Amino acid sequence: MSYADGLTAFLREHYPHIQIPDAERAVMDRAGRELAASGLAERALRTGDTAPGFSLPTSTGRTVTLDGLLSAGPVVLTFYRGAWCPFCNFALRLLQRHHADITARGAQLVAISPQIPDESLTLAEKHALAFDVLSDLGCDTAKQFGLSFDLPDDLAVVYESFGFDLQRVNGGHPRTLPVPATYVIDQDGTIRWSFVDTDYTARAEPSDILATLDARPTAH
């Protein structure tokens, strides 16, 4: 299943009553256009760049570093907004379906969000995720990748009206989020493949990730 093919059915099954009023939708659409026009996606790290190192906590309290991950093989790194985002939930569930395919190619899959570890743990348990979900409070790591942005005031109000308690789940950093992004990083730290999109509904296709891993010179 692809992300594009499965998304509609997932939203219908798990979020059947989502109806966004016109006024709130207008705020969301305008903020989306402004973020797209900001040039953030073009400035973010891309294929050929060197991935910055990080040291982040897992949902169970361990610390994971990029250097440690790369010492064992290539890394598939995906940034998501949080468990409150329906599109993130489906994207992570879909990656879980392909987790065995990724590890069979010698790579490790890791997800990063600005959520506190307790929220990441709840998400991991809900979706039975077999890969680490890391907490990037304040989006410091996302910022190093060029992915972080601050919600406009009116959009923050809209999210609050939806019941998204970002003040709590993001550990006191309610306005800062990453745009959706996924990277395949070689063992030397070079980004072999990248997906960055300011559209929060868009995500990397697992088939593209697997094709990138298959194309590596050291792939078996």
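Read-outs: derived from the displayed coordinates by stated rules, not from any lab. Quick caveat: nothing in here was measured; it's all calculated off a predicted structure. So basically every Cβ, Gly included, is an ideal-geometry build from the backbone, and we count neighbours across all protein chains shown.
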Between SER207 and THR8, 0.36 nm times their residue separation minus their Cα-Cα distance comes to what? 69.8 nm
Measuring from label point to label point, each 7 Å out along Cα→Cβ, what is the ALA128 to ASP188 span in nm? 4.0
Taking θ as phi - 60°, what are the ³J(HN,Hα) couplings along region 146-153 by the Karplus curve (6.51, -1.76, 1.60), each to the nearest whole Hz, with x for Gly and Pro? x, 9, 8, 8, 9, 5, x, 4
Two-site label geometry, SER161 and ALA104: point separation in nm, points 7 Å out along Cα→Cβ: 4.8
Counting only DSSP beta bridges with both partners in the chain, the antiparallel fraction in percent, to the nearest 5, comes to 65
In degrees, nearest ten, helix 3-14 long axis to first principal axis of the chain (Cα): 50
Theoretical ellipticity at 222 nm over the chain - DSSP helices of four or more residues, -39500 (n - 2.57) apiece, nearest 500: -11500 deg cm²/dmol
For the chain, build the charge dipole from Cβ charges (+1 Lys, Arg; -1 Asp, Glu) around the Cα centre, then report which of ILE116, LEU213, PHE162 sits farthest towards its positive end. LEU213
FRET efficiency (MET1, ASP153; Cβ distance; R0 45 Å; to 0.05) is 0.75
Between LEU134 and residues 5 or more places away or on another chain, which pairs have amide H atoms under 5 Å apart, with H built 1.01 Å from N, and which residues are they? ALA111, ILE112, SER113
Spelling out what I want: for every residue of region 127-136, take phi, set θ = phi - 60°, compute 6.51 cos²θ - 1.76 cosθ + 1.60 (Karplus), and round to whole Hz; glycine and proline get x. 9, 6, 6, 9, 10, 6, 10, 9, 9, 10
Pop a pseudo-label 7 angstrom from the Cα along the beta-carbon direction at both ASP29 and THR50 and give the gap in nm to one decimal. 4.5
Share of alpha-carbon pairs per 10 Å distance bin for region 23-133, given as whole %: 12, 37, 35, 14, 2
For the chain, what's the relative contact order in percent, using C-alpha pairs closer than 8 Å and at least 6 residues apart? 28
How long are the semi-axes of the equivalent ellipsoid of region 103-220, defined as square roots of 5 times the Cα gyration tensor eigenvalues? Whole Å, largest first. 29, 16, 13
Each residue of region 98-111 in turn: what ³J(HN,Hα) in whole Hz from Karplus with 6.51, -1.76, 1.60 and θ = phi - 60°, glycine and Pro shown as x? 9, 4, 5, 5, 5, 5, 5, 9, x, 9, 10, 9, 9, 10
Stretch gain in nm, segment HIS17-ALA36, where the contour uses 0.36 nm per residue and the Cα spacing is subtracted: 4.1 nm
Once the Cα atoms of helix 117-126 and of the chain are each reduced to a long axis, what angle between those two axes, in degrees from 0 to 90 to the nearest 10, is obtained? 80
Suppose every K and R has +1 on its Cβ and every D and E has -1 on its Cβ; what is the size of the dipole of region 120-188 about the Cα centre, in Debye to the nearest 20? 160
